[in-house]
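Here the structure is laid out as structure tokens; the discussion comes afterwards.
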Amino acid sequence: MPFRLLVPLGLLCALLPLHYGAPGPDGTAPDPAHYRERVKAMFYHAYDSYLENAFPYDELRPLTCDGHDTWGSFSLTLIDALDTLLILGNVSEFQRVVEVLQDNVDFDIDVNASVFETNIRVVGGLLSAHLLSKRAGVEVEAGWPCSGPLLRMAEEAARKLLPAFQTPTGMPYGTVNLLHGVNPGETPVTCTAGIGTFIVEFATLSSLTGDPVFEDVARVALMRLWESRSDIGLVGNHIDVLTGKWVAQDSGIGAGVDSYFEYLVKGAILLQDKKLMAMFLEYNKAIRNYTRFDDWYLWVQMYKGTVSMPVFQSLEAYWPGLQSLIGDIDNAMRTFLNYYTVWKQFGGLPEFYNIPQGYTVEKREGYPLRPGGETAEPKVSPLHRYQGLMVGSLFLSRLPSSSISREGLVMNVFIILLPQLVFLPFTKNQSCTHSPALAPAQASSVEEARFLFLGKLNSSRKK
């Protein structure tokens, strides 16, 4: 291990306490079997409660013990649960849910759906389950991976989103009606993340179906954002997709922007695309120059670089993982330690944390149950295996005892997606490489499974 990694690693060892009840030699190391069972119990408690009280609605409302449609009436929790079921080894339930979804989910409905959420959760959920299914022992069609019921559902859902991209700039509207397309009078103002978070799912879909339209529209949207950055290299928070003019000019790495940066990196890995990585690295320079202060990342005016909001947002918790993906381990560790101090202070990450005051922002102190997965998600890095074990055990030990938001809704990313992120570090045969020769089952997250699989598919097509 390079010497420069020893100092941050030592700090992490000193600052990350283990769950006191966990078995381990002299209390110094987490026991993988113990934590695997804890994660499984957490998942099935949530999953079974959803089936009993909320199906076929999108999400569970635990205070009233009923269901609620939030993103388009897709039985979204079941879609979100598909790849988690495979990761946990429950192939029979996976097969049952696939049949239920085929029989019950209809995308030809008069519903206004979020283009962003439908992509990352419906299209992405179906594709990841499709790609993992064979390795999990599921019987697949003869033409797999370019054929299969989940792939067909993903393609159908994605085609419903394409009308949103028919704008003068190529940047999509934020909402589309699944039956009629974009509604007349729909607002043209879309957040940056809602424009730049398609390349992973849409490029996967183009590779599997042979239809380039999905990857093409995703790339155009990425390029229009890139061309719209300020002279100092920053992007704002919301933009008018008809005129290309920035409406909200706060620049940062959190809400409204976050996954744009994440998808530039993951898209570069997926497609072996040096241009996408170069774009992110240029952004990263501007972010370090204008928004970073003492390893915190503030919000600044995109044209001037002056501080507009000296806050840490819970949705920024992905950043250390993204830093580790590009090999910036030193900065990743320092940023993570800042975020950990906030978690330790409150037992969770508040929506907004005022950095100079060292406390929550009034009316934004709630824990919305979104970012824990981003904090716990182990990214690929030289510290991947160790970091995943430590952060996973940390998360489980400090999991809030009352995991319900103020709205009485437990978000799917908490009850369904989070368990797979915390479970995976405690499994065997972890890999810390994106080599196309590796099988998807060796990946450390579902998204990495997509990276590995598509890398292998693209390599085979070039031969």
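Computed over neighbours whose Cβ is under 13 Å from that of residue 67, the net charge equals -4, Lys and Arg +1, Asp and Glu -1. Using only the C-alpha atoms, the convex hull of the stretch 71-309 corresponds to 131 Å³ per residue.
Electrostatic tally near residue 188: other residues with Cβ closer than 12 Å to its Cβ, Lys and Arg +1, Asp and Glu -1, net -1.
In straight-distance terms, cross-link reach from residue 285 covers every one of the aspartates and glutamates whose alpha-carbon lies under 18 Å from its own, apart from those fewer than eight places away in the same chain; here that gives 227, 231, 250, 258, 262, 294, 295, 316, 328, 330. Could you tell me the relative contact order of the stretch 57-119? Use alpha-carbon pairs under 8 Å, at least six residues apart, and round to a whole percent. Relative contact order here is 30 percent. Once backbone amide H atoms are built at 1.01 Å from N, residue 299 has 308, 309, 311 as its partners under 5 Å, excluding neighbours fewer than 5 places away on the same chain. Counting only heavy atoms of the protein chains and using a 1.4 Å probe, residue 108 has close to 80 Å² of accessible surface.
Label separation (residue 247 vs residue 49): 3.6 nm, computed from points 7 Å beyond Cα along the C-beta direction. Distance between the 7 Å Cα→Cβ label points at residue 31 and residue 328: 4.0 nm. Using the Cβ of residue 48 as centre and a radius below 13 Å, the other residues enclosed give a net charge of -1, where K and R count +1 and D and E count -1. Remark: spin-label model distance residue 364-residue 303 equals 2.3 nm, labels positioned 7 Å along the Cα→Cβ axis.
Sorting the segments 198-208, 179-189 by their mean number of nearby beta carbons within 10 angstrom, highest to lowest, gives 198-208, 179-189.
The values are calculated or read from the model by the stated rules, or taken from the named source; none is laboratory data. Everything numeric here is computed off the predicted structure, so don't read it as measured data. Here Cβ is always computed from backbone atoms with ideal geometry, including for glycine, and neighbour counts include all displayed protein chains. Surface accessibility is based on the protein's heavy atoms, side chains included, excluding ligands, DNA and RNA. Shrake-Rupley method; radii C 1.70, N 1.55, O 1.52, S 1.80 Å.
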